[in-house]
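Reading through the structure tokens given below for one structure.
Please treat every number below as a calculation from the coordinates, not as lab data. Note that the structure is predicted; figures quoted are calculated from it, not measured. Virtual Cβ from ideal backbone geometry, glycine too; neighbours counted across all protein chains shown.
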There are 2 protein chains.
Amino acid sequence: MSLDDRALDVLFRQARTHSAFTPEPVDDDTLRRLYDLLKWGPTAANSCPARFVFVKSREAKERLRPALAPGNVDKTMAAPVTAIVAYDLEFYEQLPRLYPHADARSWYAGKSDEHIRSNAMRSGTLQGAYLIIAARALGLDCGPMGGFDHAKVDAAFFPHGKVRSNFLCNLGHGDPARLHPRNPRLDFDEACRIE
Amino acid sequence: MSLDDRALDVLFRQARTHSAFTPEPVDDDTLRRLYDLLKWGPTAANSCPARFVFVKSREAKERLRPALAPGNVDKTMAAPVTAIVAYDLEFYEQLPRLYPHADARSWYAGKSDEHIRSNAMRSGTLQGAYLIIAARALGLDCGPMGGFDHAKVDAAFFPHGKVRSNFLCNLGHGDPARLHPRNPRLDFDEACRIE
């Protein structure tokens with residue numbers, strides 16, 4: 001059941017990080033289809049800690065602007081959608097429903113902040129990668145970014161509760177004419193070994 | 001350039017976490033093809049901090065055994081391959097080659113351990129998710145796990161240098177007859193909002 005070469009190109013081999021997008025919008029139905037794919041990716045104890053804000057409106061983009069690193073402002077303000085990939089530090093409250101065959105809530109509730117945050121970050125980041133790949137599978141292009149002030153994003157978008165920003169990802173239809181040459185990757189023998 | 005329904009099923013909608021695999025082996029060439037897909041996924045400043053050990057031999061599996069949580073021993077010892085997804089805390093030494101158009105090494109070298117570790121974990125975990133999805137794209141099934149003693153794995157597989165384990169992922173051809181019913185996921189409106 002492996003995928004064909006064209007699919008592997010779309011997902012990995014020819015996919016690029018985009019800074020410039022065409023004016024073609026991304027409609028809300030596409031964002032719902034995107035979540036309905038990425039949600040199936042595996043997380044620890046099915047904890048699904050990621051939370052996503054899809055920033056589309058001018059008003060919401062302006063709330064995001066002051067948090068962006070200078071080099072990320074123009075491209076993010078111009079992108080059709082900017083996804084805030086975040087994680088909920090109270091994810092464990094959903095575990096009785098998400099992982100009903102064990103008392104998984106007790107593995108986190110009342111444990112150290114570091115233990116809770118570490119799971120939220122690890123599984124929430126996996127879900128952020130599922131978002132990137134699922135977006136490509138739906139014909140979208142991505143521009144993920146780490147250059148922003150996390151505290152400012154959290155204050156502007158998650159003022160209540162325990163949701164924290166992880167990374168940002170612009171979404172839209174990339175303009176291939178404005179790509180730079182691709183950076184190299186490590187060879188197999190630099191990054192991997194078989195034992 | 002969106003993928004067809006069958007591909008979306010293979011990657012996300014029908015893909016499952018497997019504990020039981022058929023005896024069909026995973027050859028080394030497939031592991032190389034797996035890396036040659038996942039390596040293209042985006043990371044912060046193309047830092048590519050993930051390192052992968054593909055544990056296949058009986059000897060290497062026995063070195064892994066004492067680190068496994070009791071519930072993960074039998075399935076991991078029986079799996080054709082167990083990938084140790086790890087990250088290199090000295091990833092920044094590769095940045096002059098991986099990200100040549102800026103002095104990205106200086107963004108990490110000499111900075112706080114927390115700053116370095118946080119990037120290694122975030123981008124290294126993204127790469128772990130790319131491994132899961134790329135494996136599915138090649139027709140493999142995955143069984144990712146967090147239940148193990150990180151210090152024991154690091155001592156057994158990364159005794160030198162600054163590579164640290166992140167999570168484990170069994171790889172092979174899953175036995176669909178031994179799957180349990182699927183756990184639920186959060187609805188769109190529980191995990192997402194559009195602003």
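What the table below lists for this structure:
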| quantity | calculated |
| --- | --- |
| Exposure proxy ranking, count of Cβ atoms within 10 Å, fewest first, for A:Ile116, A:Ile133 | A:Ile116, A:Ile133 |
| Test item: A:48-60 mean partner chain Cβ contacts at 10 Å | 3 |
| For the protein assembly as shown, with +1 on Lys and Arg beta carbons and -1 on Asp and Glu, the positive-most of A:His18, B:Ala79, B:Tyr92 along the dipole | B:Tyr92 |
| For chain A, size of Cβ-based charge dipole, Lys and Arg +1, Asp and Glu -1, in debye | 300 |
| About the Cα centre, charge dipole magnitude for region A:28-115 (Lys/Arg +1, Asp/Glu -1 at Cβ), debye | 300 |
| Overall form of region A:1-109 per C-alpha gyration tensor (a/c, 1.5; a/b vs b/c) | oblate |
| Label-point separation in nm, A:Asn183 to A:Arg97, each point 7 Å along Cα→Cβ | 3.9 |
| Cα centre as origin, Lys/Arg/Asp/Glu Cβ charges: region B:89-195 dipole, Debye | 200 |
| Value of [θ]222 nm, deg cm²/dmol, for chain A, DSSP H segments ≥ 4, -39500 (n - 2.57) each, nearest 500 | -10500 deg cm²/dmol |
| Amide H contacts of A:Ile194 (H built 1.01 Å from N, under 5 Å, at least 5 apart or other chain) | B:Phe54 |
| Alpha-carbon centroid distance for the pair region B:164-195 / region A:133-195, whole angstrom | 20 |
| Fewest-first ranking of B:His150, A:His115, A:His160, A:His18, using other Cβ atoms within 10 Å as the exposure measure | A:His160, A:His115, B:His150, A:His18 |
| For region B:88-148, the fraction of alpha-carbon pairs in successive 5 Å shells from zero, as % | 4, 16, 19, 19, 15, 12, 11, 5, 0 |
| Förster radius 30 Å - calculated FRET efficiency between A:Gln14 and B:His150, Cβ distance, rounded to 0.05 | 0.25 |
| For B:Cys192, B:Cys169, order by how many other beta-carbon atoms lie within 10 Å, fewest first | B:Cys192, B:Cys169 |
| Among A:Tyr108, A:Val163, A:Ile194 the positive-end extreme of the charge dipole of region A:88-195 (Cβ point charges) | A:Val163 |
| C-alpha center-to-center spacing [region B:32-57, region A:32-56] in angstrom | 22 |
| Other protein chain Cβ atoms within 10 Å, averaged over every residue that makes up A:41-47 | 6 |
| At 1.002 mPa s and 20 °C, Stokes D of region A:133-195 from Kirkwood alpha-carbon radius, µm² per second | 140 |
| In Hz, Karplus ³J(HN,Hα) per residue of region A:17-34 (6.51, -1.76, 1.60; θ = phi - 60°; x = Gly, Pro) | 6, 10, 9, 10, 10, 6, x, 4, x, 10, 7, 4, 4, 5, 5, 5, 5, 4 |
| Per-residue mean of C-beta atoms belonging to partner chains within 10 Å, peptide A:93-99 | 2 |
| For the protein assembly as shown, radius of gyration divided by Kirkwood radius, i.e. Rg to Rh on alpha-carbons | 0.94 |
| Region B:1-58 shape via C-alpha gyration tensor axes, a/c threshold 1.5 | oblate |
| Sum of side-chain charges, B:Pro96 neighbourhood, beta-carbon under 10 Å (Lys, Arg +1; Asp, Glu -1) | 0 |
| Tensor-based shape of region B:57-102 (alpha-carbon gyration tensor, a/c under 1.5 rounded, otherwise prolate or oblate) | prolate |
| Share, in percent, of DSSP beta bridges within the protein assembly as shown that are antiparallel, nearest 5 | 85 |
| Stokes-Einstein D for chain B, Kirkwood Rh over Cα pairs, 20 °C, 1.002 mPa s (µm²/s) | 118 |
